[in-house]
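Notes follow once the structure below has been shown.
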Amino acid sequence: MKKILCALLVCTLCASVSIGFSGCGCSNNTQEQQPGYVVTATEPDLKNDEFGFFILNKDEVMITEYLGSSKDVKIPDSFENYKVTVIGRSVFNNKGLTSVEIPDTVREIQDYAFASNRELKSVKLPSNLKIIGINSFFCCSALESIELPSSLEEIGVYAFCGAGLKTVNIPKSDTLTKLDQYVFYQCPNLTEVNLPATITNIAENTFNECPDNMVMYAPSGSYSQNYAKTHDIEFKESK
């Protein structure tokens with residue numbers, strides 16, 4: 001059945017899917033990822049007592065299901081000789097989590113992965129993380145702080161919307177130069193944002209409906225200084 005599904009997807013070149021990634025990974029366990037089309041992760045290929053895994057290629061799996069009951073989750077870095085490199089869409093959405101530890105093998109957190117965990121207080125992100133998807137930490141109202149790695153390339157729309165963050169520190173990075181729309185929208189406790197000179201594009205509504213006393217720290221003469229001025233945000237030179 002998986003071979004038939006994969007062939008149909010290749011032939012039709014589906015343009016819209018709920019969870020997407022390059023390559024098929026569904027005809028057998030040794031197939032390499034192939035660019036040019038996307039597939040939807042359906043039933044997990046592998047399972048243990050806590051997680052369901054979807055095979056991406058001969059070396060990597062994506063977590064697509066959480067089967068455990070613990071509120072303190074430690075994601076494994078491997079399973080059955082596969083590296084865990086992706087956390088799939090909505091895997092931990094509204095699971096009542098209080099803490100999450102993600103291994104350094106993970107490169108991508110997909111859309112809604114940890115959304116609506118209102119008691120989530122602690123998140124350890126991987127040092128090699130490249131993508132934080134849309135609404136990944138939406139409405140995580142107890143999450144007061146998070147350390148973002150310098151490896152980041154993209155933070156999706158609404159990624160931290162409604163989170164309890166008090167301070168945001170964007171790391172200096174050659175790969176993350178833009179803050180997308182509504183990334184920190186309606187963060188009711190956000191009073192301090194630290195931005196490096198490498199941020200050269202911030203969407204008009206990135207910080208909409210954050211507290212009026214929010215202060216933006218950045219290097220003097222940077223893009224962020226001008227952004228603060230034009231958006232009526234208090235600016236202070238980086239500490």
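The values are calculated or read from the model by the stated rules, or taken from the named source; none is laboratory data. Treat the numbers as computed from the prediction; the structure is a model and nothing was measured. Cβ coordinates were reconstructed from backbone atoms using ideal geometry, including for glycine residues, and neighbour counts include every protein chain displayed.
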Scan segment 135-155 and give yes if some residue there is more than 22 Å from Val73 (Cβ to Cβ), of a type outside the set (Gly, Ala, Ser) and modelled with pLDDT of 95 or more, otherwise no.
yes
Taking segment 55-89 and keeping only residues that are closer than 22 Å to Phe137 by Cα, assigned to a strand (DSSP E or B) and either touching a Gly at 6+ places or on another chain (Cβ under 8 Å) or aromatic (Phe, Trp, Tyr) (or both), one is left with Met62, Ile63, Thr64, Glu65, Tyr66
How about segment 193-216: which of its residues are under 24 Å from the mean Cα position of the chain (by Cα) and not in a loop (DSSP other than H, G, I, E, B)?
Val193, Asn194, Asn201, Ile202, Met216
Just to check your reading of the model, which residue among Phe160, Phe92 is of a type in the set (Phe, Trp, Tyr), in a loop (DSSP other than H, G, I, E, B), over 10 Å from the mean Cα position of the chain (by Cα) and crowded, with 17+ Cβ neighbours inside 10 Å?
Phe92
Select from segment 220-239 the residues that are part of a loop (DSSP other than H, G, I, E, B) and either buried (at least 16 other Cβ atoms within 10 Å of the Cβ) or touching an Asp or Glu at 6+ places or on another chain (Cβ under 7 Å) (or both) and list them in ascending order.
Ser220, Ser222, Ile233
Selection within segment 114-148 - part of a loop (DSSP other than H, G, I, E, B) and either in contact with a His (Cβ under 6 Å, 6 or more places away or on another chain) or of a type in the set (A, V, I, L, M) (or both):
Ala115, Leu120, Leu125, Leu129, Ile134, Ala142, Leu143, Ile146, Leu148
